[in-house]
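Shown next, in structure tokens, is the structure this report addresses.
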Amino acid sequence: MDTANHTTRLYWEKSYDTEFTATVIDAWQDDANVYAVFDSTLFYPEGGGQPSDRGTIQVTPGISFSVGHVFEEDGRIVHVLSPDKGSGGTFPEKGQAVRGRIDWARRFDFMQQHTGQHILSRALEEVCNANTVGFHLGDDYVSIDLDVQSVGDSRLTEVEDLANHIIFSNLAVEVRVHTPDQVPDTIRRRIPTASDWVRVVYIGDFDACACGGTHVRATGEIGIIKINRLDRSHGGVRVIFRCGQRALADLRAKERVLDSAARSLSVGYQDLVSAVTSLSEKAAGLEKEIGRLRRQLLEHEIGETARQLLDENAEVDGETFGQERWIAKRLDFAVCKLEGKQPAELRHMAKSASELTGQTVFMFSQEPQFSLVVASHTTGKGKKPSDVPPARNAALLVSELGRIWGLRGGGTPQLAQIGSKEPLDIPEAHILGDIEGIVGKLST
């Protein structure tokens with residue numbers, strides 16, 4: 001790989017150009033990509049928090065490559081290429097002339113966001129005495145990290161107003177190259193100590209910052225800056241914001257949501273907060289009433305289940321598989337199926353039914369997910385597992401069933417459960433058969 005030649009950075013000199021011609025000074029490939037270095041390029045390489053440009057490189061008429069990523073290495077700008085259809089395996093060769101085209105929509109978006117970051121960072125410094133210590137330009141939003149622990153809402157509004165005032169003032173954005181001793185004291189970002197020259201971006205007399213990125217020519221081209229939210233990050237504050245077309249798209253999306261919500265509640269957007277608050281309060285009251293009625297129903301079901309378990313003449317298993325409720329009674333245990341119950345409800349019902357009947361109660365539900373609870377009141381609280389008869393030990397019964405069904409469960413000798421995220425793919429008759437088999441095995 002040739003490392004002798006460096007790349008002329010056209011994106012600094014002609015940041016508004018979209019096409020260029022260049023000569024290949026190095027090219028190679030690996031199993032995934034083709035890499036090329038040109039003597040000059042408009043493609044900005046990833047760096048300084050800003051992603052790289054994208055676009056295309058035409059090698060010969062009809063033969064082109066997509067440029068998906070660009071990075072800097074030893075003063076050279078490396079382009080990562082992917083062959084377009086019809087390339088026929090053509091490979092860029094050293095000395096070959098190429099024509100490049102950048103994705104202008106992406107470039108201008110990044111110019112808006114990056115210049116907006118300069119303005120917002122200075123505004124935060126002036127209003128809040130908050131210095132920018134980190135910057136990230138993503139595909140959806142932009143973020144800057146600050147060296148302060150908090151920023152008040154009123155101050156944030158002041159920052160946003162100042163930043164947009166600078167945009168509406170349409171100040172010139174200029175780039176000047178200095179030697180280190182020429183850099184003004186007001187520069188916002190420290191300069192590289194080993195550099196022979198420093199590239200400084202000036203925004204009128206409002207801001208000066210050492211930067212190697214791409215920027216608009218005047219602040220008016222940014223359009224608007226909108227701060228979206230603040231996050232906590234590494235003990236400081238992270239500011240999430242959008243500029244220009246991104247800010248407009250974000251505001252449009254939020255306006256559509258706001259309008260849709262207001263229409264659904266038959267109110268104007270000004271009354272939406274109070275309408276949602278009222279609706280939330282009504283929903284909370286209904287949830288409370290539903291909870292009361294559900295507990296009342298649960299107590300009734302517990303009593304009904306216990307009555308059937310105690311009623312010697314009540315119909316037992318065999319005829320009612322597949323329905324929402326059935327009971328299989330044996331001498332010392334009973335199996336109950338109750339669909340639509342949550343694990344907590346099954347635990348309460350099984351425990352209460354066992355206490356009322358003195359039996360070991362197996363209670364399960366297949367919907368919305370499989371859950372089985374075993375309650376054994378006759379084991380007595382405080383007993384050691386070794387003191388409990390194996391066939392009445394809820395934890396042991398659940399462990400044995402889990403081994404058969406490939407599930408994990410656990411609990412105490414008095415109350416244990418097992419379950420899965422989906423209904424158990426086993427016929428209910430087999431579930432009952434497995435329970436009978438385990439109880440019989442542990443009874444001998």
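The values are calculated or read from the model by the stated rules, or taken from the named source; none is laboratory data. This one's a predicted model, so the numbers in the text were calculated from it and none came from an experiment. All Cβ positions, glycine included, derive from the backbone under ideal geometry; neighbour counts span all protein chains shown.
Suppose we filter segment 121-132 for residues that are closer than 17 Å to Asp161 by Cβ and not in a loop (DSSP other than H, G, I, E, B); how many remain?
Number satisfying all stated conditions: 8.
Can you go through Ala416, Ala353, Ala394 and tell me which one is under 23 Å from Gly303 (Cβ atoms) and out of contact with any Pro (no Cβ under 8 Å at 6 or more places or on another chain)? Can you show your working first?
On the way: Ala416 fails: under 23 Å from Gly303 (Cβ atoms); Ala394 fails: out of contact with any Pro (no Cβ under 8 Å at 6 or more places or on another chain).
Matching residue, one of Ala416, Ala353, Ala394: Ala353.
Within segment 1-55, how many residues are over 29 Å from Thr115 (Cβ atoms), touching a Leu at 6+ places or on another chain (Cβ under 8 Å) and hydroxyl-bearing (Ser, Thr, Tyr)?
Residues flagged as over 29 Å from Thr115 (Cβ atoms), touching a Leu at 6+ places or on another chain (Cβ under 8 Å) and hydroxyl-bearing (Ser, Thr, Tyr) within segment 1-55 amount to 1.
Kindly establish whether His79 is surrounded by fewer than 22 Cβ atoms within 10 Å (Cβ to Cβ), outside the structural domain of His118 (by TED's automatic domain parsing) and part of a strand (DSSP E or B).
Here the answer is no, as His79 does not meet what is asked.
Return the total of residues in segment 45-55 being in a strand (DSSP E or B) and buried (at least 18 other Cβ atoms within 10 Å of the Cβ). Reasoning before the result, please.
Going through segment 45-55, the residues in a strand (DSSP E or B) turn out to be 47, 50, 55.
With buried (at least 18 other Cβ atoms within 10 Å of the Cβ) added as a condition, the list becomes 50, 55.
Matching residues across segment 45-55 total 2.
In segment 240-262, is there at least one residue being under 32 Å from the mean Cα position of the chain (by Cα), over 30 Å from Leu10 (Cα atoms) and among the β-branched types (Val, Ile, Thr)?
Within segment 240-262, one or more residues are under 32 Å from the mean Cα position of the chain (by Cα), over 30 Å from Leu10 (Cα atoms) and among the β-branched types (Val, Ile, Thr).
Is there a residue being touching a residue at least 40 places away in the same chain (Cβ under 8 Å), out of contact with any strand residue (DSSP E or B) (no Cβ under 8 Å at 6 or more places or on another chain) and more than 30 Å from Gly340 (Cβ to Cβ) anywhere in segment 263-282?
Within segment 263-282 (the criterion being touching a residue at least 40 places away in the same chain (Cβ under 8 Å), out of contact with any strand residue (DSSP E or B) (no Cβ under 8 Å at 6 or more places or on another chain) and more than 30 Å from Gly340 (Cβ to Cβ)), the answer is no, since none of the residues qualifies.
Taking strands (runs of 3 or more DSSP E) that do not extend beyond segment 169-274, which have at least 2 residues that are among the polar types (S, T, N, Q)?
225-233
How many residues does segment 24-38 hold that are under 17 Å from Ile102 (Cα atoms) and loosely packed, with under 14 Cβ neighbours inside 10 Å?
The total comes to 0.
Of the conditions (1) in contact (Cβ under 8 Å) with a residue 40 or more places away in the chain; (2) under 13 Å from Val24 (Cβ atoms); (3) among the aromatic types (Phe, Trp, Tyr), Phe65 fails just one. Which one is it?
Only one criterion is unmet by Phe65, namely (1).
Looking at segment 395-435, which of its residues are assigned to a helix (DSSP H, G or I) and aliphatic (A, V, I, L, M)?
Ala395, Leu396, Leu397, Val398, Leu401, Ile404, Ala429, Ile431, Leu432, Ile435
Anything in segment 394-444 that is among the acidic types (Asp, Glu) and more than 16 Å from Phe370 (Cβ to Cβ)? List them, or say none.
Residues of segment 394-444 among the acidic types (Asp, Glu): 400, 422, 425, 428, 434, 436.
Glu400, Glu436 - these are the residues of segment 394-444 that are among the acidic types (Asp, Glu) and more than 16 Å from Phe370 (Cβ to Cβ).
Name, by its number, the condition in (1) loosely packed, with under 15 Cβ neighbours inside 10 Å; (2) assigned to a helix (DSSP H, G or I) that does not hold for Gly95.
All conditions pass for Gly95, except number (2).
Might you let me know whether segment 102-120 holds any residue that is out of contact with any Gly (no Cβ under 9 Å at 6 or more places or on another chain), closer than 20 Å to Gln50 by Cα, in contact (Cβ under 8 Å) with a residue 24 or more places away in the chain and not in a helix (DSSP H, G or I)?
no
Restricting to segment 134-154, and then to whatever is of a type in the set (Asp, Glu) and either without any contact (Cβ under 8 Å) to a residue 60 or more places away in the chain or surrounded by 17 or more Cβ atoms within 10 Å (Cβ to Cβ) (or both), can you tell me which residue is farthest from Tyr44 (Cα to Cα)?
Asp153
Among the listed residues His69, His118, identify the single one that is assigned by TED's automatic domain parsing to the domain that holds Trp12, of a type outside the set (Gly, Ala, Ser), surrounded by 15 or more Cβ atoms within 10 Å (Cβ to Cβ) and closer than 20 Å to Trp12 by Cα.
His69
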